[in-house]
Amino acid sequence: MFSRQVLAGRQIVSTFAKQKAVSQCIKRFNSSKTNSTPPPKYSKGKLLAVLGTLAIGSTIAASFYNKETPKSAFEPNESGDKPEFAEGKVSVIFVLGGPGSGKGTQSDKLVKEKGFVHLSAGDLLRAEQNRPGSKYGELIAKYIREGEIVPQEVTVALLKQAIKENYEQGKTKFLVDGFPRKMDQALTFENTIAKSAFTLFFECPEQVMLERLLERGKTSGRADDNIESIKKRFRTFIDTSMPVVDYFDKQGKVIKVRCDQPIDVVANQVKDALKTRGI
């Protein structure tokens, strides 16, 4: 143990020396931007090489110096913290499916017929994006425009706030539409807010979803209803959201519904499927 600490100390000292050298490199490199004569020793390539060496050295030193292994975002919460809502306090159903699969349309029907509160992750994000003074607005806009998933800290915080506000009004049944889209979102939600009852998954051929989205894009005004963003969203869904569906499916917590049929036909299939869960 002692020899490891000595080694770590030497490596940290070495790191400080490297940092000083890098600092001098940066000063010379920056001065080259204002002076017409380039620095004789430190090219941009050499600077990057020194930075790379510093990063490796710091990582090695930290591996000896740190006593605890960092927690993975996928590991259960071991701090003793419990979800905001204990089991039985609220009923949460995740609603997943590719872009244009009909999640919002079918969720609206369930709100009218079953008394659920419909929380659309996408709508919450767009509302936050457009809220005056929002510190997340620009970040959300960038992710939506690129067809990528907004960082979970933002989405989970917005959902938690919405559920708490509705719960305070006596509402306890929630359809969370378009969420979770990644495994870290799923586990963070269930560890910090509430356990989900199950996931309602809408299966739909990509071509059908594409046609629906392009038609919707004519009037929706949404920045992501264009062919480039749509294709990115399809890839993102397959790569990051399908593992979530598979994860819950292995627990017997997924209801699958084909949604490439007329709206009312799909709605009846949803109602029949929910009856099997006592809803």
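Order these by the 10 Å Cβ neighbour count, fewest first: 146, 87.
87, 146
Residues of region 232-262 falling in the label zone of residue 105, defined by backbone nitrogen less than 13 Å from a point 7 Å along Cα to beta-carbon, are 258-262. In terms of surrounding Cβ atoms within a 10 Å radius of their Cβ, 233, 222 rank from fewest to most as 222, 233.
Under a 5 Å amide H cut-off, with hydrogens placed 1.01 Å from N, residue 95 pairs with 176, 177, 178, 179, 200 among residues at least 5 apart or on other chains.
How much length is gained on full extension from residue 131 to residue 279, taking 0.36 nm per residue of separation minus their Cα-Cα distance? Display every interim value, and only then the final one.
Values: separation 148, 0.36 × 148 = 53.28 nm, distance 3.56 nm.
My answer for the length gained is 49.7 nm.
Put in line by how crowded their Cβ is, counting other Cβ atoms within 10 Å and starting with the fewest, 101, 91 read 91, 101. Between residue 247 and residue 142, take the C-beta separation as r, use R0 = 22 Å, and let me know the FRET efficiency to the nearest 0.05. Efficiency computed from Cβ-Cβ geometry: 0.20. Here the simple spin-label model places points 7 Å from the Cα toward Cβ, and for residue 165 and residue 264 these points are separated by 3.5 nm.
None of the figures in this text is laboratory data; all of them are computed from the coordinates on show. Treat the numbers as computed from the prediction; the structure is a model and nothing was measured. Quick reminder, even Gly has a Cβ in these numbers, built from the backbone with ideal geometry, and neighbours come from all protein chains shown.
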